[in-house]
Every structure is written in C-alpha cells, then in structure tokens.
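Asks: Have a look at the structure that comes next, please.
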Amino acid sequence: MTTVTASAPGKFVVLGEHAVVYGKPAIALAMDMRFTMRASFGKEFKVNGAPANNYNLSPHMRYLSEKHGNDPLSIFIEERVPSGSGLGSSAALSAAYSAAVRALKKLPTDPESIAREAYEAEFLAQGRGSPMDTSASVNGGGIGLNIPYSNEDFLWRIEKNTHAWDISKVKVPKMTFVIGNTGIRAPTGPLVEKVRKYKDSNTFAASIVEEIGEVTLEGMDAMKRDDRVRLGSLMTADHKLLSILGVSCPQLNKLVECSLPYSYGAKLTGSGGGGCMIALTDHPEKVARAIKLHGGTPYIVNTDVEGVKVHVDNNGKK
Ligand code: PMV
C-alpha cells in the first residue's frame, strides 16, 4: 500500500499587512510550526480513524478531495498549526493536503501547482484573501507581495477576479521570533473594511498606509543585510502605524510592550484586533515568560524553514 506523508509550515506577516491590500509591499515568513499528515487510499473516507464528516473534514480538504475525484482516503493528522490566529493554519493544511492527494494520484507535486491549488482551496473556503499564506507555506523561507524582485527570485503570478499578485522569494536569515497569541479571535474581513473606510475618508490615514509601504521596503533591505537592530526598530514603528489605523487592541499592545525590553522589536501580525503579535529576539525564553505573565500564549519559532514536503512510501517498493 502506498502511504504519503506531506507537511507544510505556518507563517506570519513580518511587515506590510493591511497596506498590502492597496498594492503596497508585504513580507511573510514561513516558520517551524507545521501541519503534517499521512494519507493512503482507503475503503471509506476517514480522518484519524473516524469517518469523515463536517467536523473533522475542513472545507479546504473537501474542495481538494472533490477536485481530485473524491477517492476515499485514510488520513492521519500528526501535527497542526494553531488555528484562527493569523498563523496560516488553513494554508498549511491546504498545501499539505494538495501535495498528499497529488502524490497519491501520481500528479506533479511541483511547488507552483500546489501553490495554485492550495490558494483555490483557501479562496473557496473563505471567499476572500490573497495568496500570501499559501505561497509562504508552499515556498517556505520568506516571500514578498508587491515587492521589486529579480528574475531569479520570481516564484509565480496568481490572478483572481480583478486582482493579480506577483509572488517572489525574499532571502531570510535564520531568526528567532516569539509569537504571542492573545487568544482573541478577530475575523480579518471587518478589520480590512475598517482600514478601507478610514483611508478613503482621511488623507492622514492614507499617508499612514504609504508609510507602512516604505517601512516594509526598508525592512526587506535590513533583512537581506541581516541587520536585526534595524529590522526590529522598523517592526516596532510598523506596530505604531498599524495602531494609528485602529487595528491593534489593548491586549496586543500589552504583549508588544512587555516583549520590547528583551527584543529588537515587536508588532502585531496579520489583521490585528486580537490574534497574534511577534517579537524578534535573541532572548526567546525571556520574551516567552513575559508574554505568559501578561496573559498571552507564547510560541518560540524559527525562520528559514523548508516549504511543502512530500514523501511517498510504497512499502519498500519503488
Ligand atoms: O490575519 P492574516 O494573517 O490572514 O493576515 C491578513 C492580512 C491583511 O493584510 C490584513 C489582509 C490581506 O488579505 O492581506
């Protein structure tokens, strides 16, 4: 029997969220928290030994299964990325699931095919969103949207309705971040809408969006030079700009503040309003302790990780 093991990492946005919606640059980094699953063809559809149903089969999995002919699969989920907090959990699931089904069906498992398919699954399940999460998960390392890139760094262009995104690689050093999860669930849609209204009605807010774009480009240069002091200070500056746009919240501010004494810099990550913050640090244990003391859940993560991985085991047969 053929068994496929597939995994893909979660991600966080290091700079550029919200402004990216208006064509400004954004950079997302894959991290060493992964979604990992094993899959084989089965007699009936099962997830972790239980019959597949609406509770254990996500809409992303359902879309990808249907797309590939609905063969019954036996799936075991071995690890997950924490969900509902802007860490790209559904993108990692979609990328790994796409890779697994494609490998079982002997279809190409090149990163671009998986990135396109995983994005379709995300889009259909969520009805919105950019290909930032799925591309970061499939490629690993760092990826940029709307950033200047050389031919060798270009990954793929993804189009949806009237939007098009050129995704490119960003060289990322191995860095340690601490993620602080507020545990507050805040859907992305209303926050994006809030910023849109503010920006459209207020030239000051529009200038903040411009400024986030500039900070992000500078941050990309700092990352390329591995200048953590500069990158950290740009992250903290970005947090202040995002706060002015109204997408932070008291709990995020508290976790950012308590991390700063032990960090190069800290900021909210993703859509804000709750969800997670990130701190770039050489003292992850100290930051993690501070986050815990202030009511958050810390995760210590590293960057410069591999993207989607797939391994086919034919029971020893080739
Ligand atoms: O919360 P996340 O990780 O899905 O990030 C949302 C990022 C935004 O820029 C706020 C929205 C978007 O679609 O880019």
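Read-outs: derived from the displayed coordinates by stated rules, not from any lab. Note that this is a predicted model, so its numbers are computed, not measured. Here the Cβ is made from the backbone with ideal geometry for all residues, glycine too, and neighbour counts use every protein chain on show.
Asks: What is the angle, in °, between the Cα long axis of helix 188-201 and the longest principal axis of the Cα atoms in the chain? Nearest 10 is fine, range 0 to 90.
Replies: Tilt relative to the chain: about 40 degrees.
Asks: Please rank TYR97, TYR63, fewest neighbouring Cβ atoms within 10 Å first, as an exposure proxy.
Replies: Values: TYR97 29, TYR63 20.
In increasing order of surrounding Cβ atoms, one gets TYR63, TYR97.
Asks: Students often get this wrong, so check it: of LYS46/LYS309; LYS240/LYS267; LYS24/LYS240; LYS267/LYS292, which have C-alpha atoms separated by over 19 Å?
Replies: LYS46/LYS309
Asks: Count the lysine pairs in the stretch 123-232 whose Cα atoms lie under 29 Å apart, taking only pairs 8 or more positions apart in sequence or on different chains. Mind showing how you got there, number by number?
Replies: Details: LYS160/LYS169; LYS160/LYS171; LYS160/LYS194; LYS160/LYS197; LYS160/LYS199; LYS169/LYS224; LYS171/LYS224; LYS174/LYS224.
The number of close lysine pairs in the stretch 123-232 is 8.
Asks: I've got another one for you. How much net charge surrounds THR134 when only other residues with a Cβ under 12 Å from its Cβ are counted (Lys, Arg +1; Asp, Glu -1)?
Replies: -2
Asks: Against the longest principal axis of the chain, how steep is helix 89-104, in degrees 0 to 90 to the nearest 10, with axes from Cα atoms?
Replies: Once rounded, one gets 30 degrees.
Asks: Quick check: pseudo-label points 7 Å beyond the Cα along Cα→Cβ at ASN48 and LYS160, how many nm apart are they?
Replies: According to this spin-label approximation, the distance is 2.8 nm.
Asks: Mind ordering 158-166, 128-136 by average Cβ neighbours within 10 Å, highest first?
Replies: Descending packing order for the listed peptides: 128-136, 158-166.
Asks: Under a plain spin-label model, where a point goes 7 Å from the Cα along Cα-to-Cβ, how far apart in nm are GLU214 and ARG196?
Replies: 2.7 nm
Asks: Once the piece of chain linking ILE77 and HIS283 is laid out straight, how much longer is it, given 0.36 nm per residue of separation minus the C-alpha distance between them?
Replies: Length gained, ILE77 through HIS283: 71.0 nm.
Asks: Follow-up. So if R0 is 45 Å, what FRET efficiency would LYS105 and THR203 give, r being the distance between their Cβ atoms, rounded to the nearest 0.05?
Replies: The value I calculate is 0.25.
Asks: Roughly what would the spin-label model give for ILE244 and ARG116, points 7 Å off Cα along C-beta, in nm?
Replies: 4.1 nm
Asks: Counting other beta carbons within 10 Å of each Cβ, put TYR22, TYR55, TYR262 in order, fewest first.
Replies: In order of increasing Cβ crowding within 10 Å: TYR55, TYR22, TYR262.
Asks: Right, another one. Go ahead and run the numbers for FRET between ASP32 and ASN151, Cβ-Cβ distance against an R0 of 30 Å, rounding to 0.05.
Replies: Rounded to the nearest 0.05, the efficiency is 0.55.
Asks: Determine the calculated [θ] at 222 nm for the chain from helices alone, applying -39500 (n - 2.57) to every DSSP H run no shorter than 4 residues and normalising by the residue count; nearest 500 deg cm²/dmol.
Replies: -12500 deg cm²/dmol
Asks: If you don't mind, there's one more thing I want to ask. Give the residues of the stretch 245-282 whose amide nitrogen is closer than 17 Å to a point set 7 Å from the Cα of VAL229 in the direction of its Cβ.
Replies: Inside the label zone: 261-266, 280-282.
Asks: Can you give the extra length, in nm with one decimal, that the chain gains between GLN126 and TYR55 once fully stretched, where that is 0.36 nm per residue apart less the Cα-Cα distance?
Replies: Going from the current span to full extension adds 23.9 nm.
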